[in-house]
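To start, the structure under review is shown below, and the notes come after it.
None of the figures in this text is laboratory data; all of them are computed from the coordinates on show. Keep in mind that this is a model prediction, so the values were computed, not measured. Note: ideal-geometry Cβ built from the backbone for every residue, glycine included; neighbour counts use all protein chains shown.
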Amino acid sequence: MTSAPSVRQPVHTQVVEGFGTVAITPVDPAADSALIHSWVTQERARFWGMGGASRELVQEIYEDVDRRTTHHAFMVSRDGERVALFQTYDCAEDRVSECYEVRPGDVGVHLLVGPTDGAAERGFTGALMAAFIAYVFSDPAARRVVVEPDARNTKAIARLERTGFVPGPEVVLPEIDLPEVHLPAKPARLAFLEAPAGR
């Protein structure tokens, strides 16, 4: 089944030198669910926690996110090609709030880079992260980015440290079992990135 292309407009567009134009656009659940499903069900995305999800369930999950004011999902394009899924959330309204002392201005993020054809491109994830961080901190209320990758995902944790995140404690995110979403408990490593001084 093919969906109509999304007509949603980018909330952030940034030219990253030597990389291209990165556009961050709110996910359109109907138009984007097939692509998101193809990404989240791959073995490489096992830490995303949606490996067994159907396309219909993926669409339902992102429809639920779309209705919220505290959680947001974005499709990320590089020069017009969709390359990543990026999510932000209010830490005070998320299960992570049960695992550390949330500060005003804490913004949680999740990132899933889509699969690429051919060899990995050096600096690809770093360039995307630069655009994501610029977008989050374009909001004056955002004071700190908080991430909670799976504690077993050593590659992601190392990538975050190279980007400037400061590692925090290892925690266990509690299970969430609601009619619209189920998230199992997850061992996670918290990490933090403060807003640039004097921005």
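If R0 is taken as 35 Å, the Cβ-Cβ distance between Arg143 and Val15 corresponds to a FRET efficiency of 0.85. Our estimate of slack between Ala120 and Thr154, defined as 0.36 nm per intervening residue step minus the Cα-Cα distance, is 10.4 nm. Pick out which of Thr116, Thr154, Thr125 has the largest mean-square fluctuation in a Gaussian network model of the chain, springs linking Cα atoms closer than 10 Å. Among Thr116, Thr154, Thr125, the largest GNM mean-square fluctuation belongs to Thr116. Segment Glu43..Arg103, full-extension length gain: 18.1 nm, with 0.36 nm per residue of separation and the alpha-carbon distance subtracted. Within the stretch 26-54, which residues have the backbone N less than 19 Å from the label spot 7 Å out from Ala134 along Cα→beta-carbon, could you tell me? Once the point is set 7 Å along Cα→Cβ of Ala134, 26 turn out to lie under 19 Å by backbone N, inside the stretch 26-54. Both the radius of gyration and Dmax for the stretch 128-199 are 14.1, 44 Å, in that order, over alpha-carbon atoms.
Taking GluC sites (Glu not before Pro) across the stretch 76-138, the ones in a DSSP loop with at most 16 further Cβ atoms lying within 10 angstrom of their Cβ are Glu101, Glu121. For the stretch 148-192, trypsin sites (Lys or Arg not before Pro) meeting the loop criterion (DSSP other than H, G, I, E, B) and having at most 15 other Cβ atoms within 10 Å: Arg152.
Spatial offset of the stretch 57-132 relative to the stretch 142-171 amounts to 14 Å, using the alpha carbon center of each.
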